Amino acid sequence: MIRTVVRDSVRDALRDTPRAVAYLLSGVLVGAPLLVVLLVLGTAGLALAPLLVGLPLLAVAVLSGIPVGALERRRLDLTRALTRTPPPPDPHITPAEPGLAAWARLRLTERATWRELAYTLLLGFVLWPLDALVLFGALGMPGALIGAPAQLATTSSTGGDTRIAKLWLIDSYGQALLCTALGVVLLLALLWPLVRYARVRAALARLLLAPSEAETERRLGEVTRSRARLVAAFEAERRRIERDLHDGAQQRLVSLSMTLGLARLDAPPELAELLAAAHREADQVLLELRELIHGIHPQVLADYGLPDALADAADRSAVPVEVAVDLPRFAEPVESAAYFAVREALANIGRHSGAERARIDGRYTDGRLRVEVRDDGTGGADPARGTGLTGLADRLAVLDGTLSVHSPAGGPTVLSLEIPCPQR
Amino acid sequence: MPAALKIVLAEDSVLLREGLVGVLTRFGHEVVAAVGDAEALTAAVRSYAPDLVVTDVRMPPGLTDEGLRAALELRAADPALPVLVLSQYVQRAYAAELLDTGDGTGVGYLLKDRIGQVEQFAEAVERVAAGGTVVDPEVVRQLLRRRRDPLAALTPREREVLALVAEGKSNGAVARELVVTEAAVGKHIGNILGKLDLPPAGDTHRRVLAVLAFLRA
């Protein structure tokens, strides 16, 4: 039992040693130049502060924690196997507005920035010398002992004796080999503390460089918000396209149709025939364009809200639809998500359900908008099959809403959506 | 040709405004003011006292339904002012709101697409100015698809008749369209009014009420 534990820990120590050494050694390589940079920035900044030029230098010194933090988080990747945890994520949030000033303002107000600065100062002034000391202690001392025969061999010409690690004077190969044996034992004994130290060292870095719980939560909120922003941007783009078609192409076509109409009045018969054909063509294009624009974003939704827009969708449905909707106005994304979900449902009913009637119910209770579309069709609708409903479910999810389809074989199919939202 | 009408026109697209002026002038009417936003429309109606207002729904500054709002206000101030609203899309809500003003006479709601059929458009203009009610056939068509109470009680023929009435046609015009006698049309209308539960009153008024019931169904 005890033998197994010892064997396992020795094996672990041997396996983890290269990583621990790599981590500590790279810490020294980062820390030593960092100390120089910090001293230069700090002294120059403080000295020049009265002349104001020093202030940006101090600001750079304060913000220097950010790149160091990023580098150190990457370096923690080396300890992944050591600490059995992945490197921590970036604790900073993405600035909402572009520009260096906005970025700096945000960073200076973040706790993570100051924790990173603390870590940077610690690394520059304390940690890397400590890392170096530990490395030297754990590898340098045994290394010197192990190398004793070689050292003795190179110095034999000068008198046949040498001091190992400036401590012991040896003058024979017997003593040297003893030193080597001692060194090997010492090395094996020190590997375990070396690995332990590297672990503690990594844990300290993680403590200061990983996002706190509150920051993680805020980042999740940030992700949700940025998704909502994305949806809002798509929505705005939709509106812009609708408006462009409306104010541009549609107006010109109406004007064209008008001109053709006037021309027909006075045209000789043989020309009137051609004009009539052109006129029919123009009117057909107008009709198609009107339907296209309506599909992009129905104006009635913006002007009158959901009840009228849903009644309008019902009017256009191939299957007769009864509408029982009593709703206030909501924010634009809510109305638009609900509207398009219902329209998709009605389109599906028209295409697949074989229903003869459908019904839309909508109500707003306890701060939740609930809309239900029900048909008397054959059922068996599978929301996983169509991409239309999945997309709508995603869109509702951004608003914390849900979409569910209940469609047993034989019917009826009920699609219901629910969005928590304040009324406008 | 009917008497020349004094018309105030509101349309924000210069292209369409010029075109509309051209069409209206071609049919012998006088466009006394052609304006580009709702505020100017209200001002123009005040200073010119026109026989008819023709307005677009979507107008500056908000580019939503300012034109319609202005028309509704004008009708509220003077229920006898004939108003023809042009819309780029079919909207039952718009038509219903418009018909709710005054007693529903002297109003029209047409798709802009209809302007191209210049003769029919001119006819609609004159009908509204004369106190008639004109609802775009597209709105009527959509409503017919709904098959809901109280219209469920109507026979297909009666619905056809009501649809034509909603478009603003006289009994004679309906009779010609359906190739029946005027007396038959009168009988259908009587049945429709009965089924829609509209008690006898002035005939035109009941016709408008029937159209309204149709729109709100």
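Beta bridges per DSSP, both residues in the protein assembly as shown: antiparallel share near 50 percent. For the residue pairs B:K6/B:K169; B:K169/B:K195; B:K112/B:K195, the alpha carbons lie more than 28 Å apart in B:K112/B:K195. Between A:L182 and A:S404, the FRET efficiency estimated from the beta carbon spacing at R0 = 56 angstrom works out to 0.15. Once the gyration tensor of the Cα atoms in chain A is diagonalised, the equivalent ellipsoid follows with semi-axes of 76, 30, 21 Å, ordered largest first. Quick check on chain B: helices-only [θ] at 222 nm, where DSSP H runs of length 4 and up contribute -39,500 (n - 2.57) each and the sum goes over total residues. Nearest 500, please. Result for chain B: -15500 deg cm²/dmol, rounded to the nearest 500. In terms of surrounding Cβ atoms within a 10 Å radius of their Cβ, A:C421, A:C179 rank from fewest to most as A:C421, A:C179. Highest mobility in the GNM of chain A, judged by mean-square fluctuation with C-alpha springs under 10 Å and restricted to A:A263, A:A381, A:A233, is found for A:A263.
For region A:311-349, the set of trypsin sites (Lys or Arg not before Pro) satisfying both a DSSP loop assignment and a count of at most 15 other C-beta atoms within 10 Å is given as A:R329. For chain B, the relative contact order works out to 14 percent when only alpha carbon pairs closer than 8 Å and six or more residues apart are counted.
I want to verify a result. In a Gaussian network model of chain A, Cα cutoff 10 Å, which of these has the top mean-square fluctuation: A:L369, A:L262, A:L38? Looking only at A:L369, A:L262, A:L38, the largest GNM fluctuation is found for A:L262.
Computed extension length for A:L207-A:E97: 36.7 nm, one decimal, from 0.36 nm per residue of separation with the Cα-Cα distance subtracted. Centroid-to-centroid, using Cα positions, region A:136-151 and region A:295-369 are 81 Å apart.
Suppose R0 equals 56 Å. What FRET efficiency, 1/(1 + (r/R0)^6) with r the Cβ-Cβ distance, do A:A331 and A:L58 give to the nearest 0.05? After rounding to 0.05, the efficiency reads 0.80. Taking the longest Cα principal axis of chain A as reference, the axis of helix A:269-296 is set at about 40 degrees. Within the shell defined by Cβ-Cβ distances under 11 Å, the residues around A:E116 carry a net charge of +1, with Lys and Arg each +1 and Asp and Glu each -1.
Placing +1 on the Cβ of every Lys and Arg and -1 on the Cβ of every Asp and Glu, with no other charges, gives region A:2-211 a dipole of roughly 540 debye about its Cα centre. Against the main long axis of the alpha-carbon atoms of chain B, helix B:38-48 sits at an angle near 90°. Per residue, the average separation of C-alpha pairs within less than 8 Å and at least 6 apart gives chain A a relative contact order of 11 percent. Remark: relative contact order (region A:2-211) = 29 percent; criterion is Cα-Cα distance under 8 angstrom and separation of 6 or more residues. Comparing B:A96, B:A122, B:A77 in a Gaussian network model of chain B (Cα springs below 10 Å), the most mobile by mean-square fluctuation is B:A77. Largest first, the extents of the alpha carbon coordinates of chain B on the three principal axes equal 45, 36, 29 Å.
What the Cβ-Cβ distance of B:D100 and B:A184 gives, at R0 = 41 Å and to the nearest 0.05, is a FRET efficiency of 0.85. Taken over the C-alpha atoms, region A:73-163 has Rg and Dmax values of 23.3, 74 angstrom. Between A:L108 and B:A3, the simple spin-label model (points 7 angstrom out along Cα→Cβ) gives 7.7 nm.
Pick out, in residue order, every one of the GluC sites (Glu not before Pro) in region A:208-306 that is DSSP loop and has at most 16 other C-beta atoms within 10 Å; say none if there are none. Sites meeting the loop and neighbour criteria: none at all. Here A:R238, A:R264 are placed in order of increasing Cβ neighbour count within 10 Å, fewest first, which gives A:R238, A:R264.
Multiplying the residue separation of A:A70 and A:A249 by 0.36 nm and removing their Cα-Cα distance gives an extension gain of 59.2 nm. Distance between the modelled labels on A:L287 and A:E217, one decimal in nanometres: 5.9 nm (7 Å Cα→Cβ projection). Between the Cα long axis of helix A:251-266 and the first principal axis of chain A there is an angle of about 20°, rounded to the nearest 10.
Here each label is just a point 7 Å from Cα along the line to Cβ, and for B:E160 and A:A397 those points are 5.3 nm apart.
All of the numbers you see were taken from the coordinates with simple rules; none came from a lab. These figures come from a predicted structure and were not determined experimentally. So basically every Cβ, Gly included, is an ideal-geometry build from the backbone, and we count neighbours across all protein chains shown.
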